[in-house]
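The structure appears right after this line, and notes come after that.
The values are calculated or read from the model by the stated rules, or taken from the named source; none is laboratory data. Please read all numbers here as calculations on a predicted model, not as lab measurements. Backbone-built Cβ (ideal geometry, glycine too); neighbour counts: all protein chains shown. Note: areas computed on protein heavy atoms with side chains; ligands, DNA, RNA excluded. Shrake-Rupley method; radii C 1.70, N 1.55, O 1.52, S 1.80 Å.
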Amino acid sequence: IRAFGNEEESEKRFDQANKDLTHTNLFVNRVMVSLMPIMMFIMQGMTLLIIYFGAKQVDLGHIAIGEMMAFLQYAMIIVMSFLMVAMIAVMLPRASVAANRVAEVLNTEPTIENPVQITSFDEDKKGLIEFKHVSFKYPGADEPVLNDIDFTARPGETTAFIGSTGSGKSTLINLIPRFYDVTEGEVTVDGVDVRNVSMHDLRDRIGVVPQKGLLFSGTIESNIKYGAPDLSDEELAEVIDVAQAKEFIETKPLGVEEPIAQ
Ligand SMILES: Nc1ncnc2c1ncn2[C@@H]1O[C@H](COP(=O)(O)OP(=O)(O)OP(=O)(O)O)[C@@H](O)[C@H]1O
Ligand SMILES: [Mg+2]
């Protein structure tokens, strides 16, 4: 949207969907609002009729008062049930749409799966990432985003990607933890193809700092220990030092125990 200056078009589409929803909701609520007085009118009118005619029968000694009251109660229960059916008629379509969507999500088969034959990492090549003639196309896209990318990122060195918005930097990074599988070529981490190792082990070896910072509610400490719950105090101090967060934490009255909101 950003790259093609499509904001206005997207706003229009959202506006249209919003208007449709408003119209439907207004219609449903108007129907419901008029349904209630009608139902009430029927209910109270029926009560009146039953008492009017019932009283005469009681007067003549044909039925007892209790019998009339029982009849009234039964009639009420029946009318109430119709009211309920009307309510359900409104709720049911909504529920079924929601249920379909939930089922759709639950039935989605992950495209990325653990390999049958798990290879272990090559410890001699620890920290080495290689892209070998990698091409990648998003599912359903016509054009590949990445075309024949070939490079080696060595441990101890900093490898950077520079490019304009939409040139595929994030896409390229997402191939390393295997969020997507390459269309052609291969991506290797520690000397093995990412498709041949277990996803848990692979992601255990990778740290990602995303474009958008995100903290979880808790304390500074719990946020740091999120990925490694049994970090020792010395290690914690080291991590804080590396992240250059020491200065910031020292200004807090509670230090690492300082509460953080999401
Ligand atoms: N999930 C997706 N499905 C389909 N196409 C996508 C998806 N994510 C990104 N793209 C497309 O892939 C191309 C590269 O996007 P990418 O997000 O990798 O760019 P980027 O270089 O990280 O941009 P930025 O500098 O804005 O972060 C864009 O044309 C984008 O529209
Ligand atoms: Mg990006």
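Some notes on this structure:
- Positive-pole candidate from 75, 29, 65, dipole of region 7-106, charges at beta carbon: 65
- For region 117-159, GluC sites (Glu not before Pro) meeting the loop criterion (DSSP other than H, G, I, E, B) and having at most 13 other Cβ atoms within 10 Å: 157.
- Net charge dipole, region 10-71: roughly 240 debye, given to the nearest 20, about the Cα centre with Cβ charges of +1 for Lys and Arg and -1 for Asp and Glu.
- About its Cα centre, the chain has a charge dipole of approximately 1720 debye under the convention of +1 per Lys or Arg Cβ and -1 per Asp or Glu Cβ, with nothing else charged.
- Inter-part distance, region 177-254 to region 63-123, computed on C-alpha centroids, equals 41 Å.
- Amide H contacts of residue 258: 220, 221, each under 5 Å away and 5 or more positions distant or on a separate chain (H built 1.01 Å from N in the peptide plane; Pro and chain starts excluded).
- Rounded if a/c under 1.5, otherwise prolate or oblate - region 218-260, Cα gyration tensor axes: oblate
- A 1.4 Å probe run over the protein chains yields, for region 123-204, 59 Å² of accessible area per residue, whole-number rounding.
- Dipole axis of the chain (+1 Lys, Arg; -1 Asp, Glu on Cβ), positive-most option in 90, 6, 156: 90
- When its C-alpha radius of gyration is set against 2.2 N^0.38 Å (N residues), the chain gives a value of 1.83.
- Summing charges over neighbours of residue 151, with a neighbour being any other residue whose Cβ is under 14 Å away from its Cβ, gives -2 when K and R count +1 and D and E count -1.
- Counting only protein heavy atoms and a probe of 1.4 Å, the accessible surface of the chain is 60% carbon and sulfur.
- Over region 123-204: Rg over Rh, Cα atoms, Kirkwood Rh: 0.96
- Dipole moment magnitude, nearest 20 debye, region 123-204 about Cα centre, only Lys, Arg, Asp, Glu C-beta charged: 220
- For residue 184 and residue 65, the difference between the fully extended length at 0.36 nm per residue and the C-alpha to C-alpha distance is 34.2 nm.
- Its alpha carbons considered, region 7-106 gives a radius of gyration followed by a Dmax of 23.1, 80 Å.
- For region 218-260, accessible area per residue (1.4 Å probe, heavy atoms of protein chains only), Å²: 73
- Helices that extend 27 Å or more along their long axis by alpha-carbon positions and average at least 1.0 on the Kyte-Doolittle scale are, among the DSSP H runs of the chain, 65-106.
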